[in-house]
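Let me begin by presenting the structure, written as structure tokens, before commenting on it.
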Amino acid sequence: MVQVVVVGGGFAGLSVAARLAKLHHQVTLLEASDRLGGGLHGVEIDGTRWDLHSPLVTLPGVFRDLFRKSGRPMDKTLGLEHGPGRRHVFADGTTLDLPMGNRGDQHEAVTEAFGDDAWSPFVDGYADTWEVLRRRSLDVVLEGPEAFDRAARSTLEIRRMMRSINRRRLSDERLRKIVLDPVRHEGLDRGSTPQFLAMWHWVERNFGRWRFEGDGPGLAAALERRLTERKVTVLRGVAGHRVLRTDGHVTGVEADDGVHDAEVVVWCHRTMPQGDPQPPGIPAVPASRTLLRLAEDPPELAPETLVHANPRSCCTARRRARGPSSTAAARTRSTRSPASASTCVTWCWNDTTSHRPRWWR
């Protein structure tokens, strides 16, 4: 049995604490706030809650595996149902409701919206990419770059970036926007983001998107119950600051309430421990968000809409474009409750200055 301290009570911290406790390790979890779950709860202001990220997930087997390997199966603990697709709105007024989970359904939707289907063959081309990534980074522990031999690297085309997805690969500009605009929303640069990440469209099409009972807060509550079952020591309101070492070996964590002894530390907070080197980043453009509370009896909204155009031509926004050629994409996610309806609008402008974000292990 090993003494483990997990810093951060978001999804990552909850998951690793549950798994390690099931392996009979002595686990203590430190969470700076008074609530576990982190970003799973979104943000709440005056009784209205907004999802800052989509509550829908892909690869439900990953979550079933987490619950099965930490205690009772997920279907005994938390409901999971197939979720809706994504709505795309384009500058020419075209609207595409793209379903997930079935190739035939996507083919029919794209054909109906655009007259033909160049999307399905494009997505089909990522089947081999998925197989390489699945076998070498999901089915086994990813050890590093050496996990990918020459054949795997050739399949992934690691030197090709997202900007290589051009007219030769997708002649319809609207289809290219479906692939490239989400990259900007994630704060990534198309010139330095590997194009094999477009494989995610293959994953969504083939595995669908899924919604937990209670969305993110429901998942957080289920994992918190799992920690109780596994007898994990949870300390709320305690922030970890520094990993302590002696002769190169971890000895504990310096926190608000003193030192917590540990043989292993799992750091799941969004900031690095004090004194540790910052990991390298890649060029990124952060996306800004506008949180809107809708009036009573709002119009019916899709759960997730991606507007591929200057938002002033599609909806009202108090934001001035920075030049005649400035364009933007907006992603909206809608949340409905018995008391209110709300939507989170994420704006991404093509002329925003890049910066280097921090990526955490």
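The values are calculated or read from the model by the stated rules, or taken from the named source; none is laboratory data. In this text, all values refer to a predicted model and were calculated from it rather than measured experimentally. Using ideal geometry, Cβ is built from the backbone for each residue, glycine included, and neighbour counts are taken over all protein chains shown.
Every residue in segment 132-142 that is surrounded by 10 or more Cβ atoms within 10 Å (Cβ to Cβ) and either of a type in the set (G, A, S) or not in a helix (DSSP H, G or I) (or both), please. Break it down stepwise before answering.
Taking segment 132-142 as the starting set, the residues that turn out to be surrounded by 10 or more Cβ atoms within 10 Å (Cβ to Cβ) are 132-138, 140, 142.
The answer is S137, V140, L142.
Taking strands (runs of 3 or more DSSP E) that do not extend beyond segment 183-250, which have at least 1 residues that are farther than 30 Å from R160 by Cβ and under 15 Å from the mean Cα position of the chain (by Cα)?
Fully inside segment 183-250 and qualifying: 210-212.
Every condition in (1) polar (S, T, N, Q); (2) crowded, with 17+ Cβ neighbours inside 10 Å; (3) in contact (Cβ under 8 Å) with a residue 40 or more places away in the chain is met by S192 except one, and the failing one is (2).
Every residue, every condition in (1) within 18 Å of the chain's Cα centre (by Cα); (2) outside any loop (DSSP other than H, G, I, E, B); (3) free of Cβ contacts under 8 Å to residues at least 40 places away in the same chain; (4) farther than 30 Å from V250 by Cβ, yes or no:
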site: M1; (1), (2), (3), (4): no, no, yes, no
site: V4; (1), (2), (3), (4): no, yes, no, no
site: L14; (1), (2), (3), (4): yes, yes, no, no
site: A21; (1), (2), (3), (4): no, yes, no, no
site: D34; (1), (2), (3), (4): no, no, no, no
site: G39; (1), (2), (3), (4): yes, yes, no, no
site: L66; (1), (2), (3), (4): yes, yes, no, no
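Screening L306 on (1) surrounded by fewer than 14 Cβ atoms within 10 Å (Cβ to Cβ); (2) modelled with pLDDT of 85 or more; (3) among the hydrophobic types (A, V, I, L, M, F, W, C) shows it passes everything except condition (1). Criterion applied to S54, S70 was being within 30 Å of D116 (Cβ to Cβ), outside any strand (DSSP E or B) and assigned by TED's automatic domain parsing to the domain that holds V234, and the one residue passing it is S54. Among the residues of segment 169-178, none qualifies, meaning not one is at pLDDT below 90 and not acidic (D, E). Residues in segment 1-35 that are buried (at least 23 other Cβ atoms within 10 Å of the Cβ) and either charged (D, E, K, R) or more than 18 Å from H241 (Cβ to Cβ) (or both): L14, A17, A18, A21, V27, E31. Exactly one residue out of A262, A255, A239, A222 is closer than 26 Å to E31 by Cα, among the small types (G, A, S), in contact with a helix residue (DSSP H, G or I) (Cβ under 9 Å, 6 or more places away or on another chain) and modelled with pLDDT of 85 or more, and it is A222. Put simply, of L56, L66 the only residue that is touching a strand residue (DSSP E or B) at 6+ places or on another chain (Cβ under 7 Å) and not basic (K, R) is L56. What are the pairs, 6+ residues apart or on separate chains, where a residue within segment 89-118 that is within 18 Å of E204 (Cβ to Cβ) has its Cβ under 9 Å from a residue that is of a type in the set (D, E) and part of a strand (DSSP E or B)? As it stands, the answer is A109/D97; A113/D97, since those pairs meet every condition given.
For segment 239-254, which positions are surrounded by 19 or more Cβ atoms within 10 Å (Cβ to Cβ) and touching a residue at least 60 places away in the same chain (Cβ under 8 Å)? Even if it seems obvious, please write down each step before you answer.
To start, the set of residues in segment 239-254 that are surrounded by 19 or more Cβ atoms within 10 Å (Cβ to Cβ) comprises 240, 243, 252-253.
Passing the criteria: G240, G252, V253.
Across segment 1-42, the qualifying residues are those that are touching a Ser or Thr at 6+ places or on another chain (Cβ under 9 Å) and polar (S, T, N, Q), and the one among them that is farthest from L66 (Cα to Cα) is Q3.
Looking only at residues in segment 187-206 that are in contact with a strand residue (DSSP E or B) (Cβ under 8 Å, 6 or more places away or on another chain) and not hydrophobic (A, V, I, L, M, F, W, C), the one that is nearest to L52 (Cα to Cα) is G187.
Any chance segment 67-84 includes a residue that's within 30 Å of G258 (Cα to Cα) and surrounded by 18 or more Cβ atoms within 10 Å (Cβ to Cβ)? Walk me through how you get there before you give the answer.
Within segment 67-84, the subset within 30 Å of G258 (Cα to Cα) is 70.
Still in the running and surrounded by 18 or more Cβ atoms within 10 Å (Cβ to Cβ): 70.
Scanning segment 67-84, I find at least one residue that is within 30 Å of G258 (Cα to Cα) and surrounded by 18 or more Cβ atoms within 10 Å (Cβ to Cβ), so the answer is yes.
Here is the figure for segment 292-306: residues that are among the hydrophobic types (A, V, I, L, M, F, W, C) and over 26 Å from R209 (Cα atoms) total 1.
Summed over segment 196-217, the residues that are closer than 13 Å to Q106 by Cβ, in contact with a helix residue (DSSP H, G or I) (Cβ under 6 Å, 6 or more places away or on another chain) and buried (at least 22 other Cβ atoms within 10 Å of the Cβ) give a count of 1. Where strands (runs of 3 or more DSSP E) fall entirely within segment 75-130, those with at least 1 residues that are farther than 18 Å from L180 by Cβ are at 80-82, 95-98.
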